[in-house]
Amino acid sequence: MSLTNFLLMRHELLLTVAALLILMAEIFWDPGKKRSINLFSVLLFIVITIIGFLPSPSGTLFGGMYEVSDTRLIMKNILNIGALLVLIQSVTWLNKEENSEKISEYHILLISTLIGMNFMISAGHFLMFYLGLELATIPVAALAAFDRYSNKSAEAGIKLILISALSSGVLLYGLSMIYGTTGTFYFNEIAKLFVNDNLQILGFIFFFAGMAFKISIVPFHLWTADVYEGAPVNITAYLSVISKGAAVFIFIIVLFTIFPVIIASWQKIIYVTAILTMTIGNLFAIRQQNLKRFLAFSSISQAGYILVGFIGGNQLGMASVIYYILVYIFSNLAAFGVVAAISNAKGKENIDEYNGLYQTNPGLSLIMLLGLFSLAGIPPFAGFFGKFFLFTAAAQKGFYILVLIAVMNTIISLYYYLLVVKAMFINKSEAPVEKFRSDFPTRFALGICVAGIVVTGFASIIFEVIKNISFGV
Amino acid sequence: MDILTLFIVIPVLTITGIVLVKDMRHVRLVAATGMGLQLILSAVLVYLFVSARQSGNTAEMLFIKDIVWFKSLNIHYAVGVDGISVAMIALTSLVVFAGIYASWEVDFLTKEFFISLILLATGVFGFFISIDLFTMFLFYELAVIPMYLLIGIWGSGPKEYSAMKLTLMLMGASALLLLGILGIYFNSAPDGGQLSFNILEISRVKIPMSAQYLFFPLTFVGFGVLGALFPFHTWSPDGHSSAPTAVSMLHAGVLMKLGGYGAFRVAIFLMPEAAKELSWIFIILTTISVIYGAFGAIVQKDLKYINAYSSVSHCGLVLFAILMMNKTAMNGAIIQMISHGLMTALFFALIGMLYGRTHTRMINEMGGLMKVIPFLSVCYVIAGLASLGLPGLSGFVAEVTIFVGAFQHPDLFHRILTIIATTSIVITAVYILRVIAILLLGPAANEHYEHFTDAKWYEKVSAVTLISFVAFIGLAPWWLSSMIGSSLQPIINKILAFNPF
């Protein structure tokens, strides 16, 4: 293995170096200056994100266990952007007194999950995939329980770890069947040996169920709302955007490269689960009062829309899914950013506590409006383009009924997004959230989100680049 | 920059200007200036268009600008106009201009109000200039969504309910539309060529019949909801009555025309065979709209509800005429859109002005206004007479053309329904005259009325602008109908190719 080959792994390497540097800083820096670790970590991460965009050759490592291609690079870069935004958004919260001891822990844990996701996305072998998956999941559970004096946070952590263990078990069971029938774990070999065998399909179904837990697809979504509500807001944002995005990315790669033979079977599965996920996510979101739970259910329904992009198995489908995740990162992080800012400053997390928010905090209300409208798919925001492409991809293969159900669901989702808009802009309140000025990191991160929401849609070049590196079945 | 793109750029610049100014009084000045410019621009456009046509330019669409946007899906930013869209653009800029003056007194969140209002107008302008289905759809949704805030924040009565109902129904319609557009797109190259969103390109191919049967109803209903097609009209009375004045004006005057225009430009123009086969269902529905709307208006007591139901009736007539699919009726449909747009905007503006004085919209609580505020009352009578189709005003021209066109069909079905629809003229006369009698004539209902002041300058600007155009179309309809007629010809040709009467 030469150095050039080794550098194919630069995303993972850089992140590892960053995690180690932060660890060093924790050990050697003056205890009084621990807060500057935030700045240090964010700066490091900015550098990593930029380096990630430099052009890189494609290739494989470790005898094909690790694979880099343009598709996977783009996916990693998108995750980097999202993780960077989450990091910046967390600074305010980390600067609080009760967290001052744990700043570096937070950064190291978060970065190690990202390393895991990167390995997972680059997997060319199911072992590498599984390794990455576990590395991506277990530290998140620690993060979810980060608020150590809060029962809910601890509960969220334990729920997450139990569910991950269960889903990993299910997934491994499925993989064992696939291994049993093909005798290999290499993606490209499995793809060749896969025949429409019943045991293989059963294996696939278990694998699908395992992934469905990670992406929180109905009926494997039950953990989502509790964990999202209990975890600190920034971790919830991370879970709902980055973790989910990474799982979607590797799932679509695996689906399109390993399982094209059984496309007819997985189309049926995805058809049903997509409808269930959208509808149930939306219907439950209507009744939520707590904004974190609200966004949890909204993110479940978003997963349903993403599945609509999967179904055609076409190049446009993959492109629209990757593009949608990018859009979703900006939109959802804008919404979560506002929730986090208000929750950190005033401790308010309920929709009715947002009544009259526009009168006191117009800036935050407008960003929230933008984020929610983008999630709902209202033009001219990026979410509109994202949804349009997802639906176009499904329609290309003739799934018009599914598209109809999906667009009807966007109307339901518009209803509950408008409920929040109504609270902020129309409802009057005796005691609205007082006027406050959020600090620089929050404003900076929200600014990037807003720019992303506005630009990603209009700048067709982004979609075209993604389209070019996508592939179909 | 081409002249059509300016129609989007100017509103956007106006919005930027409004965001930047600090003083609330300057906000409406900026808004009025911007929309005044827009009005001048549309006059220039009309002039350029007419002179281009007279110099012998017979292209289907003029001032075409085509920029590739999403290359892999063949999505373009494509704009272009024919006589019909020019007429609609002129109507829009008039109504928006009048709307700004009619909302001169908005004092709660003034800035946000004008921003939302102009954003809505941007969507409408964009819709009328687009010849690419994707951009068209984008602008359609852009026009609908500010409505929620406009009604929800500045409205009256059960505003939250009405705003939500209106938004969800219209967005539901756009959901159907999205499906229709995707269906058209994926069938736009039956011979295996490049798929296209461009209306002109699609109109040159024949979309397979099986696809047409599926997607014509979706597209037609999608636009029909906005055009108050029975039974999807229910958002209209609630929405209009809760909305603030300028929004009602814009919504009834312009936004509902998006429905008629879209049904015509997309549903019928691109899928004429299915339109021919299935038109009977929709003709029945629109006839119900026409009659039901008129009867609905008779029993209402709230001025805005009366006018909203009357809009259902009149817009139903637009869709009714479009479905007749011959040149005379379609010509009438376009004139009706313009006429109704001006007239109903005038109505809502006047209702807003009356409400500002009497603080009620219930007709039985008012009376004798003619003596105290003669200017506004006379304007109201003129609007009413235009609505019931008095010769010399725009409503007459439109309705006569429509019914003559509709009666050209020799078969019993069309003729009977035309006769039924014609009765709406009588019913309209009933509710208009009834309102005028109760509202304006007789003794003053309240002694406070003596202190009323007649129209202020900005109210006069608003009313006189609209009335002069209503009268202009009524007295000299050939200007408008020749502009429309030459643009209708290629569309009629396409329809006639499959559909010889």
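For the range A:409-434, which residues satisfy the criterion of being small (Gly, Ala, Ser) and either part of a loop (DSSP other than H, G, I, E, B) or on the phi > 0 side of the Ramachandran plot (or both)? Reasoning before the result, please.
Within the range A:409-434, the first condition is being small (Gly, Ala, Ser), and the residues that meet it are A:413, A:423, A:429, A:431.
If the condition is that a residue be small (Gly, Ala, Ser) and either part of a loop (DSSP other than H, G, I, E, B) or on the phi > 0 side of the Ramachandran plot (or both), then A:Ser429, A:Ala431 are the ones that fit.
Scanning the range B:370-399 for residues that are surrounded by fewer than 24 Cβ atoms within 10 Å (Cβ to Cβ), out of contact with any Asp or Glu (no Cβ under 8 Å at 6 or more places or on another chain) and of a type in the set (A, V, I, L, M) yields B:Met370, B:Val378, B:Val381, B:Ile382, B:Leu385, B:Leu388, B:Leu390. Considering (1) farther than 24 Å from A:Tyr305 by Cβ; (2) among the charged types (D, E, K, R); (3) under 16 Å from the mean Cα position of the chain (by Cα), the lone condition that A:Lys244 does not fulfil carries the number (1).
Take A:Ala406 and decide whether it is in contact with a Phe, Trp or Tyr (Cβ under 9 Å, 6 or more places away or on another chain), in contact (Cβ under 8 Å) with a residue 12 or more places away in the chain, in a helix (DSSP H, G or I) and surrounded by fewer than 23 Cβ atoms within 10 Å (Cβ to Cβ). I'd like the intermediate steps shown before the answer.
On the way: in contact with a Phe, Trp or Tyr (Cβ under 9 Å, 6 or more places away or on another chain): yes; in contact (Cβ under 8 Å) with a residue 12 or more places away in the chain: yes; in a helix (DSSP H, G or I): yes; surrounded by fewer than 23 Cβ atoms within 10 Å (Cβ to Cβ): no.
For A:Ala406, the condition - in contact with a Phe, Trp or Tyr (Cβ under 9 Å, 6 or more places away or on another chain), in contact (Cβ under 8 Å) with a residue 12 or more places away in the chain, in a helix (DSSP H, G or I) and surrounded by fewer than 23 Cβ atoms within 10 Å (Cβ to Cβ) - is not met.
Checked against (1) without any contact (Cβ under 8 Å) to a residue 40 or more places away in the chain; (2) assigned to a helix (DSSP H, G or I); (3) more than 14 Å from chain A (Cβ to nearest Cβ), B:Thr92 meets all criteria but (1).
To keep it simple, each residue is scored yes or no on (1) farther than 18 Å from B:His414 by Cα; (2) surrounded by 24 or more Cβ atoms within 10 Å (Cβ to Cβ).
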| position | (1), (2) |
| --- | --- |
| B:Leu255 | yes, yes |
| B:Ala267 | yes, yes |
| B:Trp280 | no, no |
| B:Val299 | yes, no |
| B:Lys304 | yes, yes |
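Checking each residue in the range B:130-175 for being assigned to a helix (DSSP H, G or I), farther than 30 Å from B:Ile3 by Cβ and of a type in the set (Ser, Thr, Tyr) picks out B:Tyr148, B:Tyr161, B:Ser162, B:Thr167.
Being at the interface with another protein chain (Cβ under 10 Å from one of its Cβ atoms) and out of contact with any Ser or Thr (no Cβ under 8 Å at 6 or more places or on another chain) is the requirement here; does A:Thr410 meet it? Show your work before the answer.
Numbers: at the interface with another protein chain (Cβ under 10 Å from one of its Cβ atoms): yes; out of contact with any Ser or Thr (no Cβ under 8 Å at 6 or more places or on another chain): yes.
Judged against the criteria, A:Thr410 is a match.
Figure legend. Inter-residue proximity from the range B:99-113: first residues over 24 Å from B:Leu376 (Cβ atoms), second residues part of a loop (DSSP other than H, G, I, E, B) and β-branched (Val, Ile, Thr), beta-carbon distance below 9 Å, spacing 6+ or different chains. Indicated pairs: B:Lys111/B:Val21.
Tell me, which residue of the range A:300-319 that is over 15 Å from the mean Cα position of the chain (by Cα) and surrounded by 24 or more Cβ atoms within 10 Å (Cβ to Cβ) is farthest from A:Thr257 (Cα to Cα)? Looking at the filtered set, the residue picked out is A:Val308.
What's the total number of residues in the range B:155-194 that are within 24 Å of the chain's Cα centre (by Cα) and within 7 Å of another protein chain (Cβ to nearest Cβ)? Counting residues in the range B:155-194 that are within 24 Å of the chain's Cα centre (by Cα) and within 7 Å of another protein chain (Cβ to nearest Cβ) gives 9. For the range A:413-440, which positions are over 30 Å from A:Leu307 (Cα atoms), touching a residue at least 60 places away in the same chain (Cβ under 8 Å) and at the interface with another protein chain (Cβ under 9 Å from one of its Cβ atoms)? Selection gives A:Phe425, A:Asn427.
Quick check on A:Lys346: is it within 12 Å of chain B (Cβ to nearest Cβ) and either in contact with a strand residue (DSSP E or B) (Cβ under 7 Å, 6 or more places away or on another chain) or charged (D, E, K, R) (or both)?
On the way: within 12 Å of chain B (Cβ to nearest Cβ): no; either in contact with a strand residue (DSSP E or B) (Cβ under 7 Å, 6 or more places away or on another chain) or charged (D, E, K, R) (or both): yes.
So A:Lys346 does not fit the description; no.
Among the residues of the range B:51-75, write down those that are outside any strand (DSSP E or B), out of contact with any strand residue (DSSP E or B) (no Cβ under 6 Å at 6 or more places or on another chain) and either surrounded by fewer than 16 Cβ atoms within 10 Å (Cβ to Cβ) or not aliphatic (A, V, I, L, M) (or both). Show your work before the answer.
Just the residues of the range B:51-75 that are outside any strand (DSSP E or B), to begin with: B:51-61, B:71-74.
In the following step, the residues that additionally are out of contact with any strand residue (DSSP E or B) (no Cβ under 6 Å at 6 or more places or on another chain) were identified as B:51, B:53-60, B:71-74.
Once the filter is applied, which keeps residues that are outside any strand (DSSP E or B), out of contact with any strand residue (DSSP E or B) (no Cβ under 6 Å at 6 or more places or on another chain) and either surrounded by fewer than 16 Cβ atoms within 10 Å (Cβ to Cβ) or not aliphatic (A, V, I, L, M) (or both), the range B:51-75 yields B:Ser51, B:Arg53, B:Gln54, B:Ser55, B:Gly56, B:Asn57, B:Thr58, B:Ala59, B:Glu60, B:Lys71, B:Ser72, B:Asn74.
Looking only at the range B:112-132, residues that are within 11 Å of chain A (Cβ to nearest Cβ) and either in contact with a strand residue (DSSP E or B) (Cβ under 8 Å, 6 or more places away or on another chain) or acidic (Asp, Glu) (or both) come to 1 in all.
If you go through the range B:141-150 and keep only what is of a type in the set (Val, Ile, Thr) and either within 13 Å of A:Leu418 (Cα to Cα) or more than 10 Å from every other protein chain (Cβ to nearest Cβ) (or both), you end up with just B:Ile145.
Answer yes or no as to whether A:Ala345 is modelled with pLDDT of 90 or more and touching a Ser or Thr at 6+ places or on another chain (Cβ under 8 Å).
Values: modelled with pLDDT of 90 or more: no; touching a Ser or Thr at 6+ places or on another chain (Cβ under 8 Å): yes.
In short, no.
Inspection of the range A:324-337 finds no residue satisfying the criterion of being among the aliphatic types (A, V, I, L, M), at pLDDT 90 or above and more than 22 Å from A:Ile215 (Cβ to Cβ). Restricted to the range B:46-79, and to residues there that are basic (Lys, Arg) and within 26 Å of the chain's Cα centre (by Cα), the residue that is farthest from the other protein chains (Cβ to nearest Cβ) is B:Arg53.
For the structure I just gave you, tell me whether B:Phe197 is buried (at least 20 other Cβ atoms within 10 Å of the Cβ), more than 13 Å from chain A (Cβ to nearest Cβ) and touching a residue at least 60 places away in the same chain (Cβ under 8 Å).
Taking the combined requirement at face value, the residue does not satisfy it.
Condition first: touching a His at 6+ places or on another chain (Cβ under 9 Å), of a type in the set (A, V, I, L, M) and outside any loop (DSSP other than H, G, I, E, B). Can you find one or more residues in the range B:176-185 that meet it? So far as the range B:176-185 goes, no, none of its residues is touching a His at 6+ places or on another chain (Cβ under 9 Å), of a type in the set (A, V, I, L, M) and outside any loop (DSSP other than H, G, I, E, B).
What is the residue count in the range A:378-407 for residues that are among the β-branched types (Val, Ile, Thr) and within 8 Å of another protein chain (Cβ to nearest Cβ)?
Let us first name the residues in the range A:378-407 that are among the β-branched types (Val, Ile, Thr), namely A:378, A:392, A:401, A:403, A:405, A:407.
Still in the running and within 8 Å of another protein chain (Cβ to nearest Cβ): A:378, A:392, A:403, A:407.
The total comes to 4.
Answer with yes or no whether A:Leu375 is assigned to a helix (DSSP H, G or I), modelled with pLDDT of 85 or more, out of contact with any Cys (no Cβ under 8 Å at 6 or more places or on another chain) and at the interface with chain B (Cβ under 10 Å from one of its Cβ atoms). So A:Leu375 fails the test. Residue pairs whose Cβ atoms lie under 6 Å apart, sitting 6 or more positions apart in sequence or on different chains, and linking a residue in the range A:150-162 that is basic (Lys, Arg) to a partner that is surrounded by fewer than 21 Cβ atoms within 10 Å (Cβ to Cβ), are A:Lys159/A:Trp223; A:Lys159/A:Asp226. The single condition among (1) farther than 23 Å from B:Phe220 by Cβ; (2) of a type in the set (A, V, I, L, M, F, W, C); (3) buried (at least 22 other Cβ atoms within 10 Å of the Cβ); (4) at pLDDT 85 or above that B:Ile402 does not meet is (1). Only one of the listed residues (A:Phe62, A:Phe53, A:Phe28) is under 17 Å from A:Met120 (Cα atoms) and among the aromatic types (Phe, Trp, Tyr). That residue is A:Phe62.
Scanning the range A:286-297 for residues that are crowded, with 24+ Cβ neighbours inside 10 Å and either touching a Leu at 6+ places or on another chain (Cβ under 8 Å) or farther than 13 Å from A:Ser216 by Cβ (or both) yields A:Leu291, A:Lys292, A:Phe294.
The values are calculated or read from the model by the stated rules, or taken from the named source; none is laboratory data. Note that the structure is a prediction, hence the values are computed from the model and not measured. With ideal geometry, Cβ positions are generated from the backbone for all residues, glycine too; neighbour counts draw on all protein chains shown.
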